[in-house]
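Read the figures in this text as sums done on the coordinates, not as results from a lab. Just so it is clear, the structure is predicted and the values come from calculations on it, not from any experiment. Cβ sites come from the backbone with ideal geometry, for glycine too, and all protein chains shown count toward neighbours.
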Amino acid sequence: MTQPDPADIDAAKRAARAIARARRAGHDPALGAALATHLLRDLPPPPGAVIGGFWPLPGEIDITHLLRALHALGHRIGLPDTPPSGAALDFRAWTPRARLRPGRFGTLVPEGPAIEPTWILVPLLAFDAAGNRLGFGGGYYDRTLAARPGVPAIGCAFAAQRLDSVPSGPYDAPLTAIATETGVTRFPTAPRFPIGQG
């Protein structure tokens, strides 16, 4: 079978990113409180899980309520520190009182020590019903997940960011589940990792 041309995949991703940004525009980031409610009820991380979170960028659904709730439940939490291009993300320990410094690409990074997540919350521009995720194009999360086989990857997004189909290549890491303001979906083709009681 003929393999897709990488240039064609890249072009399809650029077009999908434009659609996804338009769909995301104007949604209230505070809908992240509803996302947190759904995730904690339907797909909570297992006791003792170390959470790899993220600090939302402008336009992304706000998961800070979720991060605080997970911290209150006793989970250790880390936020990504973006390395130079071509490397996987590092995670640094975060608490609600942590000081954040500016990182690459407008991110905010805690000053805490490095930690190793066992359950990762993943930002994205788009997702589809098969669990394919469209990121921002740097490949950081694909490398991060590839370096941690078996670690669940839970996408966090607005429901409007779902597309009929997300273009993907051989190095694109699929999601285990997606959490939005309308609910949580586990993907039937994703590996069945132990991701909690939900």
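The helix-based estimate of mean residue ellipticity at 222 nm for the chain, built from -39,500 (n - 2.57) per DSSP H run of four or more residues and divided by its residue count, is -7000 deg cm²/dmol to the nearest 500.
A crude spin-label estimate for the pair L57 and A15, with each label 7 Å from Cα along the Cβ direction, gives 2.3 nm.
Once Rg and the Kirkwood radius are both taken over the C-alpha atoms of the stretch 77-127, their ratio Rg/Rh works out to 0.96. Within the chain, the longest run free of trypsin sites (Lys or Arg not before Pro) that sit in a DSSP loop with at most 12 other Cβ atoms within 10 Å is 1-96. Considering every Cα-Cα pair within the stretch 1-84, what fraction, in whole percent, is farther apart than 18 Å? Above the 18 Å cut-off, the stretch 1-84 has 60 percent of its Cα pairs.
Each principal axis of the stretch 51-182 carries a Cα extent, and these read 40, 34, 28 Å when sorted largest first. Shown here are the Rg and Dmax of the Cα trace of the stretch 129-191, at 11.2, 31 Å.
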